[in-house]
Amino acid sequence: MNTFARVFVLLLAIAPLSLAFAQTDGGVGAGLIAIGAALAIGISAIATAMAMGTIGSAGVGALVERPQAFGQILIYLVIPETIIIFGFVIAFLINGQIG
């Protein structure tokens, strides 16, 4: 079982426990909204980390051969950060803070 599958199974196992911490005025609906927002941020963070790890290792290999490509590789490392930004936006939309 790879690391991503282990983390995903751990998230699925722990997610129902957050229902116990839901506010009493919202009931189960508020807890499920909180789980949805947490999964939006958590899964996008895991995807960003996986992408940056792959790009980073390939970038180091490319820098060894061509040091003048530093700026281009830096841009490639910044691009996956948009995934986590989209995760934050989706979490805020789920919570009803915007939109």
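Any read-out appearing in this document is the output of simple, stated calculations on the displayed coordinates, not a laboratory observation. In this text, all values refer to a predicted model and were calculated from it rather than measured experimentally. Cβ sites come from the backbone with ideal geometry, for glycine too, and all protein chains shown count toward neighbours.
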Exercise. Taking a point 7 angstrom from the Cα of Ala51 along the C-beta vector, which residues in the stretch 58-94 have backbone N less than 18 Å away?
Worked result: 58-60, 72-92
Problem set entry | Gain in span if fully extended, Leu74 to Ala58, counting 0.36 nm per residue against the direct Cα distance | 4.6 nm
For this session: Quick one: what are the phi-derived ³J(HN,Hα) couplings along the stretch 66-72, Karplus 6.51/-1.76/1.60 with θ = phi - 60°, whole Hz, x for glycine and proline?
Result: 9, x, 6, 8, 4, x, 5
For this session: Can you tell me the alpha carbon radius of gyration of the stretch 3-95 divided by the globular rule-of-thumb value 2.2 N^0.38 Å?
Result: 1.45
